[in-house]
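**Q** Right, I'll just put the structure down here and ask away after.
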Amino acid sequence: FDEADRLFEMGFKKDNEFVLKNVKPTRQLIMVSATNNQEIFRTAYKFNSNPEEVKLNEDDLMVANINKQIAMISEEETMPFLFNLLRKNDDDYTIIFCNTQYMTSLVAIWLEQMGFKVKPISGRLPQNKRTKLLQDFRDKKITTLVCTDVAARGLDIDDVSLVINYDMPHEAPSYVHRVGRTGRAGKAGLAIG
């Protein structure tokens, strides 16, 4: 199970346990996530007599080739700052993170009206439309995605060179996952919050 902690948070614990009850006992179970919680460990113990935890040094959670910067600006300066940042990095493939679906839509509308090739993506969007949108992004028909944390995990897009936290996340693990969308496959990335 990839992003096991998030699956549990989203209400799929019973579904996961149903699958685990019905697989052969000889099958190997691997639950993977950059962040874990006690519920994952309880489930691992419940369905496997000898679970092993592989834990990386916390200093290694952030990729070294990601330049992390913070912008100390007022709320009124956020949109002009974002506009100028995107103009300066016009050739970059960018993911912008917002904390709510409302802000995701609002920021995408503003940027679209300013001429950017941008689309919003959130949990409200049906899966088939999310899949199409992500394919358009991979195919470079869209250069900027404005997302909620639904896109912070599990997206494997190599060419994202800029991640912007329009809203800073409420929890540190969310920051790690968001920033991890850039600097992939050995490439350099820039993360601004």
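**Q** List the chymotrypsin sites (Phe, Trp or Tyr not before Pro) in segment 81-141 that DSSP assigns to loop (not H, G, I, E or B) and whose Cβ has at most 11 other Cβ atoms within 10 Å. Which are they?
**A** Loop-located and lightly packed - none at all.
**Q** On to the next question. On average, how much accessible surface per residue is there in the chain, in Å², for a 1.4 Å probe, leaving out ligands, DNA and RNA?
**A** For the chain, the per-residue accessible area is 61 Å².
**Q** What's the longest piece of the chain with no exposed GluC sites (Glu not before Pro), counting a site as exposed if DSSP puts it in a loop and it has at most 12 other beta carbons within 10 Å?
**A** Maximal segment without exposed cleavage sites: 54-170.
**Q** Using R₀ = 25 Å, calculate the FRET efficiency as 1/(1 + (r/R₀)^6) where r is the Cβ-Cβ separation of R124 and S74; round to 0.05.
**A** 0.30
**Q** Quick one: among I157, I121, I73, which has the greatest mean-square fluctuation in a GNM of the chain with alpha-carbon springs under 10 angstrom?
**A** I73
**Q** Moving on to the next point. List the pairs from K88/K141; K46/K119; K68/K117; K21/K140; K119/K187 whose alpha-carbon separation is above 31 Å, in the order I gave them.
**A** The pairs that break the limit, which is 31 Å between Cα atoms, are K46/K119; K21/K140.
**Q** For the chain, what are Rg and Dmax over the alpha carbons, in angstrom?
**A** Final numbers for Rg and Dmax: 18.4, 58 Å.
**Q** Continuing with the same structure: So what's the back-of-envelope 222 nm ellipticity for the chain, counting only DSSP H runs of four-plus at -39500 (n - 2.57) apiece and dividing by all residues, rounded to 500?
**A** Roughly -10500 deg cm²/dmol at 222 nm, from the helical runs in the chain.
**Q** Where the only charges are on Cβ atoms (+1 Lys, Arg; -1 Asp, Glu), what is the dipole of the chain about its Cα centre, to the nearest 20 debye?
**A** I would put it at about 780 debye.
**Q** To the nearest 10 degrees, how steeply does helix 38-47 sit against the main Cα axis of the chain, on a 0 to 90 scale?
**A** For 38-47 against the chain, the angle is about 40 degrees.
**Q** Give me the percent of accessible area attributable to carbon and sulfur for the chain, probe 1.4 angstrom.
**A** Carbon and sulfur atoms account for 52 percent of the accessible area of the chain.
The values are calculated or read from the model by the stated rules, or taken from the named source; none is laboratory data. Not measured: the values here are computed from a predicted model. Please note: Cβ atoms are built from the backbone with ideal geometry, for glycine as well, and neighbour counts cover all protein chains shown. Keep in mind that these areas ignore ligands, DNA and RNA; they rest on the heavy atoms of the full protein, side chains included. Shrake-Rupley method; radii C 1.70, N 1.55, O 1.52, S 1.80 Å.
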